[in-house]
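Okay, so here's the structure we're looking at.
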Amino acid sequence: MRKIYILILAFITICFMSAGSFAFLTNKTTNENNTVSAGAFPKFRVKLYSSAGPVFKDTLSGHQNQQSLSYPLWLTDASKYIIKDLTGQVLDVPAPRDQYETYESIANNSKNISRKSTMVSANFYSWKGVAIDKHDSNLDKAEDKKEHGTTIHHIVVIENSNRYGQESPKIKLADLKLDNITISISQHDVFKGSKGEYNVQRQPEAFSPANPQNSTRVRTFDLINGKYVRSFKNKDGKLTYDNQSSNGDLPANEADMILFDVGGEGYYAEPGDKGQLTEQQVLDQLYGRLCGNQPHADLNNDKYDIHYQNSTPMYNAVQEMIKNNDLKCSLDRSICDVKLIKDGNTISEEINSIYFGN
């Protein structure tokens with residue numbers, strides 16, 4: 001009986017030693033004696049990266065099955081860059097396969113990114129914001145690339161902070177919750193006019209990379225011999241490394257590091273909707289509005305022709321521009337806020353603000 005009391009007292013003492021520790025009673029398989037198992041929950045490090053990149057599935061409204069063919073290779077290059085950054089290696093840019101697959105990180109508060117990096121079209125356009133000319137030999141078979149334009153990608157990375165110290169439990173991909181931890185993501189863009197600023201609020205996201213729908217946007221890695229190695233889940237649910245799993249690019253159920261491409265919605269051009277305008281002219285008009293050179297709504301017979309679909313975040317922002325008679329507003333910046341929440345309290349927050357040039 002005295003031994004049991006001592007064990008209970010030890011259990012209580014360990015529980016109060018640290019808010020980040022855990023302790024529980026277990027039975028050894030070799031005998032019937034109760035023992036106390038103790039340990040520490042892993043401390044997560046959250047980091048946010050930003051880049052312009054190709055669109056992935058579900059980016060285009062009404063075209064959910066379309067995806068730039070170079071997207072998986074682009075995300076692979078992004079993973080290489082991020083791993084080098086996390087492990088303190090030289091951040092040399094990977095040798096690009098071509099201009100469609102190159103990853104270039106955008107620093108927080110950077111002003112060196114074009115507004116064309118937010119443009120998306122339902123038809124096939126290059127990252128440069130121009131219509132693909134199938135007869136232009138300089139594009140190196142660009143018509144086969146099926147690029148739908150480019151968007152700003154915000155990539156969230158979560159890893160165990162003590163990866164070079166004591167081994168800690170892996171982050172579980174199944175629910176990304178350990179000790180009541182969740183991830184909150186919010187994004188908004190800011191347009192700037194002569195009379196004020198106008199917010200375009202994006203739909204907030206719950207961090208759910210375990211959803212099979214997001215599998216192409218997730219990378220999982222395990223720390224093996226001091227190096228991060230990409231991990232996959234096989235068709236039978238077992239773990240495999242280095243090469244693609246037998247069931248496609250499915251992330252592992254748990255990992256030492258999880259990389260998730262939050263992405264961005266971008267601004268859309270629908271060629272053919274403006275009558276006699278060519279595809280390139282429609283795209284150029286969108287770019288002109290993003291730069292503040294053309295109005296976001298036209299006054300015609302005392303009625304405004306708004307160039308965006310009803311009920312969209314951009315439509316609501318334009319309504320405010322109309323009220324202020326401030327119709328030439330440029331896309332000034334894009335802001336992504338990622339919070340790590342524990343027991344209802346924010347314990348880590350990363351915010352990237354991208355300021356656009358021409």
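The values are calculated or read from the model by the stated rules, or taken from the named source; none is laboratory data. What you see is a predicted model, and the numbers here were worked out from it, not measured in a lab. Because the Cβ atoms are built from the backbone with ideal geometry, glycine has one as well, and the counts that use them run over all protein chains shown.
Restricting the search to strands (runs of 3 or more DSSP E) fully inside the stretch 120-220 and requiring at least 3 residues that are at pLDDT 70 or above and within 19 Å of residue 82 (Cβ to Cβ) gives 150-160.
Mind listing whichever residues of the stretch 292-322 are aliphatic (A, V, I, L, M) and at pLDDT 70 or above?
Pass one, the stretch 292-322, residues aliphatic (A, V, I, L, M): 297, 299, 306, 314, 317-318, 321-322.
Scanning the stretch 292-322 gives 297, 314, 317, 318, 321, 322.
Taken over the stretch 259-285, the criterion of being modelled with pLDDT of 85 or more, over 15 Å from residue 126 (Cα atoms) and buried (at least 17 other Cβ atoms within 10 Å of the Cβ) is satisfied by 259, 260, 261.
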